[in-house]
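The values are calculated or read from the model by the stated rules, or taken from the named source; none is laboratory data. Predicted model, so just to flag it, every value in this text is computed and none were measured. When we count neighbours, we look across all protein chains shown, and the Cβ atoms used for this are built from the backbone with ideal geometry, even at glycine. Heads up: the accessible areas ignore ligands, DNA and RNA and are worked out on the full protein's heavy atoms, side chains in. Shrake-Rupley method; radii C 1.70, N 1.55, O 1.52, S 1.80 Å.
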Amino acid sequence: QTVPEELQNGGGFGYVVAFRPLGTVSWMQTVVASPDAARYVFRNESLPPFSPYEVKVGVYNNKGEGSFSPVTVVYSAEEEPTRAPTTVLARSISASDVEVSWAPPWENQHKGRIQGYEVRCWRHDEKEENAKRIRTVGNQTSTKVGNLRGNALYHLAVRAYNTAGTGPSSAAVNVTTKKPRDSTSGPPEVGSSEHSGQLCPFCLLLSLPRPQVLYRWNRESSTSVIETNKTSVELSLPFDEDYIIEIKPFSDGGDGSSSEQIRIPKISNAYARGSGSSTSSACTLSALSTIMISLTARSSL
């Protein structure tokens, strides 16, 4: 930083820049005569990249020299990384996201420091030069690439970078995003049916893109989850509590839309039993308050 004019204390003000390779004894010095100068460039074509130097800056005017600043260490310019990251791995975590990880390259640290990594991602039917690019900062060796197309093959490669530029690319790895859920299917259809003149509130009819379904029931603030790929599930619940059930389909591509909430009121007669049959659903209440829910899955594909 330049010295303010009121502190220069006389005419002929300038700077003395002293520097030497780190670990040596003798200082090299140069004079910068302008009081407004804020930088000095030492040029030496034989200087190795990223060489450490000790530097201090003094002042002078027509009356003589002043004091020097504390010594600091600076480095000559870097070269871009010369080796590629290794052990690049990619995995699909959803229909639109993949996770990429890698190991740092075996880099000659005398030529520069790695400041981060650049991940390139392009679809199999796209050109590599049009790849999506994501940059990480520092020592981070994994990242997520989002906004991808579902059920599509992608290629990914990683490069290290610093102030001098970007290094060579790793070998590309392949990953296929997960299949998206069927967006044309709405939430499960919920209905009830009559059994021997009694309305059974536990009989459900679902329209699902796949026969996998996620069952939920709520008791006050707590929630329990059952996952099944069958078309029926048996729930043993205390008959003196109110319950709410939600049902939704799920797959590798994510969860589908939830059904409407189904409220199961307290069962005043624990020995009540529904009977009869239905083509869409059936329900039984036993003395132990076991609720049997039968589902008919109608594929929308």
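Quick rundown of the values:
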item	result
Residue check, residue 158 surrounded by 17 or more Cβ atoms within 10 Å (Cβ to Cβ), touching a residue at least 40 places away in the same chain (Cβ under 8 Å) and not aromatic (Phe, Trp, Tyr)	yes
Tally of residues being part of a strand (DSSP E or B), over 24 Å from residue 167 (Cα atoms) and open to solvent by 50 Å² or more (accessible area, probe 1.4 Å) across the range 61-90	5
Some residue of the range 128-143 being on the phi > 0 side of the Ramachandran plot, open to solvent by less than 70 Å² (accessible area, probe 1.4 Å), not assigned by the TED database to the domain that holds residue 48 and not polar (S, T, N, Q)	yes
Those residues of the range 1-40 which are polar (S, T, N, Q) and either in contact with a helix residue (DSSP H, G or I) (Cβ under 8 Å, 6 or more places away or on another chain) or in contact (Cβ under 8 Å) with a residue 12 or more places away in the chain (or both), in sequence order	1, 2, 8, 9, 29, 30, 34
The listed residue being open to solvent by 70 Å² or more (accessible area, probe 1.4 Å), within 43 Å of the chain's Cα centre (by Cα), of a type in the set (D, E, K, R) and not assigned by the TED database to the domain that holds residue 164, out of 43, 39	39
Flag if residue 148 is within 20 Å of residue 180 (Cα to Cα) and either assigned to a loop (DSSP other than H, G, I, E, B) or in contact (Cβ under 8 Å) with a residue 12 or more places away in the chain (or both)	yes
Top-ranked residue in the range 162-176 [being modelled with pLDDT under 95 and assigned to a strand (DSSP E or B); ranked as most open to solvent (accessible area, probe 1.4 Å)]	166
